[in-house]
Amino acid sequence: MDKIILQCNNLRKTYKKKNHLHVACDDINLYIKQGECLGVVGESGSGKSTLANIIMKLEKADSGTVILNDKDITNVKRNELKEVYKEIQMVFQDAIGSFNPRLTIEESIKEYVCNLCSTTEEEKKHKVDNLLQMVGLPKEYKDRYPHELSGGQCQRAAIARALSAHPKILVCDEATSALDVSVQAQVVELLKEMQEKMNISYLFITHDLALVSSFCDRVAVMKNGKVVEVGEAKEVINNPQHEYTKLLIQSAYL
Ligand code: ADP
Ligand code: MG
């Protein structure tokens with residue numbers, strides 16, 4: 001059986017709102033196997049990004065645990081985060097905003113490579129070239145600034161930066177949602193290719209159910225902070241069990 005690479009146990013996260021406690025994640029239990037793509041769908045505000053941010057150590061859960069590659073990372077200290085980020089990386093919806101506007105793509109990726117593992121300048125440059133080639137960005141784009149790239153190109157650069165750490169898992173939070181349909185398809189193809197070549201796993205947050213059918217192995221459906229249904233992606237889409245999933249699918253194909 002394939003190894004479980006990420007496991008979330010009983011994750012709970014609340015935010016204080018004016019006069020009540022809002023439960024953004026409510027007892028979430030999920031796992032992702034090596035090389036598997038787990039989709040996460042659900043309406044806006046259902047807690048998808050909160051879940052991703054807890055896994056990425058950008059938010060702290062009130063309770064519950066996150067196990068990454070057999071290690072409990074729930075309470076890792078700041079100085080241990082580097083080791084965590086060698087195994088798990090994130091790609092955001094706003095790729096341009098995730099780059100420093102004053103650095104060229106090469107400088108940004110080099111800085112990142114440099115942060116996670118120490119190599120010589122020559123090795124770093126070589127690595128950037130390889131990464132850009134891998135994600136299908138022409139070499140000369142490395143000298144461009146983020147705003148000089150199109151949305152799809154910038155997303156490829158963000159994927160290259162994430163892959164520079166050789167992660168076992170990529171968390172994609174609506175990473176393709178802002179792209180035109182054809183560009184989106186190309187970026188998803190790239191992610192699939194990485195999955196095959198590098199056996200990368202994905203936590204793939206999207207509101208696009210067609211994408212779930214074509215890219216995800218399994219899918220978790222979230223509503224009000226809870227996972228209401230989880231199963232094989234095609235099975236859930238073709239034969240939803242929970243009322244909310246049925247509604248979600250109906251509204252997507254209206
Ligand atoms: P989704 O990504 O599914 O749209 P989010 O995880 O962003 O949902 O948000 C879930 C809920 O938690 C929302 O009601 C949102 O307003 C709330 N929330 C998220 N982040 C914060 C925060 N930093 N402070 C207060 N409330 C937040
Ligand atoms: Mg979100």
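With label points built 7 Å along Cα→Cβ from the Cα atoms of ASN29 and LYS77, find their separation and express it in nm.
In this crude label model, ASN29 to LYS77 measures out at 3.3 nm.
Just in the stretch 1-81: which trypsin sites (Lys or Arg not before Pro) are loop by DSSP and have at most 16 other Cβ atoms within 10 Å?
Passing both the DSSP loop test and the Cβ count: LYS3, LYS18, LYS60, LYS77.
How long, wide and thick is the stretch 117-225, going by the Cα atoms along their three principal axes, in whole angstroms, largest first?
Cα extents, longest axis first: 48, 28, 25 Å.
Subtracting the Cα-Cα distance from 0.36 nm times the residue separation, let me have the gained length for TYR15 to GLU121 in nm, one decimal.
33.8 nm
So for the chain, averaging the separation of alpha carbon pairs under 8 Å that are six or more residues apart and normalising by length, what relative contact order in percent results?
Taking the mean separation of contacting Cα pairs over the length of the chain, I get 27 percent.
Farthest toward the dipole's positive end in the stretch 151-254, which of ILE205, HIS242, ALA157, given Cβ charges of +1 (Lys, Arg) and -1 (Asp, Glu) about the Cα centre?
Ranked along the dipole, the leading option is ALA157.
Around HIS147, what is the net charge, scoring Lys/Arg as +1 and Asp/Glu as -1 over all other residues with Cβ under 13 Å from its Cβ?
Values: positive: ARG102, ARG144; negative: ASP94, GLU148.
Net charge in that neighbourhood comes out at 0.
Using only the Cα atoms of the stretch 71-114, construct the convex hull and provide its projected area averaged over every direction, in square nanometres to one decimal.
The Cα convex hull of the stretch 71-114, projected and averaged over all directions, gives 4.1 nm².
Compute log10 of I(q)/I(0) for the stretch 6-78 with the Debye formula, placing one identical point scatterer on every Cα and leaving out solvent, at q = 0.14, 0.21, 0.27 Å⁻¹, to two decimals.
Log10 I(q)/I(0), no solvent term: -0.44, -0.94, -1.38.
Give the long-range amide H neighbours of LYS226: residues separated by 5 or more places, or on another chain, with amide H under 5 Å away, using H modelled in the peptide plane at 1.01 Å from N.
Long-range HN contacts for LYS226: ASP26.
Please list, in order along the stretch 71-81, the HN-Hα scalar couplings obtained from phi with the Karplus expression 6.51 cos²θ - 1.76 cosθ + 1.60 (θ = phi - 60°), rounded to whole Hz, x for Gly and Pro.
Karplus-based 3J(HN,Hα) across the stretch 71-81 equals 10, 7, 9, 4, 10, 5, 7, 3, 6, 9, 5 Hz.
Under a Cβ-only charge scheme (Lys and Arg +1, Asp and Glu -1), can you give me the dipole magnitude of the chain about the Cα centre, in debye to the nearest 20?
Approximately 700 debye in magnitude.
Once the dipole of the stretch 7-96 is set up with Lys and Arg at +1 and Asp and Glu at -1 on Cβ about the Cα centre, which of ILE54, THR14, VAL40 lies farthest towards its positive end?
THR14
About the Cα centre, and with charges only on the beta carbon of Lys, Arg (+1) and Asp, Glu (-1), how big is the dipole of the stretch 20-151? Nearest 20 debye, please.
Working: 17 positive and 22 negative charges, 42 e Å.
Charge dipole, the stretch 20-151, about its Cα centre: 200 debye, nearest 20.
How large is the Kirkwood hydrodynamic radius of the chain, in angstrom, based on all distinct alpha carbon pairs? List each step's numbers first, then the result.
On the way: mean 1/r = 0.0531 Å⁻¹.
For the chain, the Kirkwood estimate is 18.8 Å.
Counting only residues 5 or more places away or on other chains, whose amide H sits under 5 Å from the amide H of LYS33 once H atoms are built in the peptide plane?
Residues meeting the criterion, in which the H sits 1.01 Å from N, are ILE5.
Could you go through the stretch 226-243 in sequence order and give the Karplus-derived ³J(HN,Hα) for each residue, using 6.51 cos²θ - 1.76 cosθ + 1.60 with θ = phi - 60°, rounded to whole Hz, and x for Gly and Pro?
10, 8, 8, 7, 9, x, 4, 4, 5, 5, 5, 6, 7, 9, x, 9, 7, 4
Pick from LEU68, LEU190, LEU21: which residue has the top mean-square fluctuation in a GNM of the chain where Cα pairs under 10 Å get a spring?
Residue with maximal mean-square fluctuation among LEU68, LEU190, LEU21: LEU21.
Considering the options ILE4, PHE92, GLY225, tell which one lies farthest towards the positive end of the dipole of the chain, charges being +1 on Lys and Arg and -1 on Asp and Glu at the Cβ, about the Cα centre.
Comparing the listed Cα positions along the dipole, GLY225 ranks first.
Read-outs throughout are calculated quantities, based only on the coordinates presented, and are distinct from any laboratory measurement. Note that the structure is a prediction, hence the values are computed from the model and not measured. A quick note on method: Cβ atoms are made from the backbone with ideal geometry, for glycine too, and the neighbour counts reach across all protein chains shown.
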